[in-house]
Amino acid sequence: MHERTATTEHEHEEHDYHGPAVVFTAEHQAHVSVVLRGNFQPIDGRFHWYGRVEPSPDLEELTAGGRAEVVLRTPHGEAVATLSDPDPWHRYRVTGLGRPPFPLDAEPAAPESP
């Protein structure tokens, strides 16, 4: 029997950014809520980030229900991204390469002096 640990139970609940964003093209924009995360891939030497965009009527208009190349902007930055076809819950998967539109892990805190 496989024993679950606290680490594996919460591993998939973590995210790097969860909050408001704007997804836009040259013709349209949509204010949305996103959940994003990412990681460095040593095989290609690039940072891959990805996540989900919550359902939005504005997003449906922007994408016409299909794939779209967009810019995703959060309060922390912006990056070029690809939106995939929507899932059955009308959420879009978003993917990007390189610098993400959210802050990466903060620098480790300096040790306190006695």
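The values are calculated or read from the model by the stated rules, or taken from the named source; none is laboratory data. Keep in mind it's a predicted model, so treat the numbers as computed, not measured. All Cβ positions, even for glycine, are placed from backbone atoms using ideal geometry, and neighbour counts span all protein chains on display. Please note that ligands, DNA and RNA were not included when accessible areas were found on the heavy atoms of the full protein model with its side chains. Shrake-Rupley method; radii C 1.70, N 1.55, O 1.52, S 1.80 Å.
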Among what's in segment 55-72 and is open to solvent by less than 30 Å² (accessible area, probe 1.4 Å) and among the small types (Gly, Ala, Ser), pick the residue that is farthest from Gln29 (Cα to Cα). Gly66
I need a count of the residues in segment 51-72 that are in contact with a Leu (Cβ under 6 Å, 6 or more places away or on another chain) and in a loop (DSSP other than H, G, I, E, B). 0
Going through segment 73-92 in order, the residues found to be under 13 Å from the mean Cα position of the chain (by Cα), outside any loop (DSSP other than H, G, I, E, B) and either surrounded by 15 or more Cβ atoms within 10 Å (Cβ to Cβ) or modelled with pLDDT under 90 (or both) are Arg73, Thr74, Glu78, Ala79, Ala81, Thr82, Leu83, Ser84, Tyr92
Considering residues of segment 19-39 that are surrounded by fewer than 15 Cβ atoms within 10 Å (Cβ to Cβ) and touching a Phe, Trp or Tyr at 6+ places or on another chain (Cβ under 9 Å) only, the residue modelled with the highest pLDDT: Gly19
Considering each residue of segment 22-47, count those that are more than 10 Å from the chain's Cα centre (by Cα) and touching a residue at least 40 places away in the same chain (Cβ under 8 Å), and give that number. 6
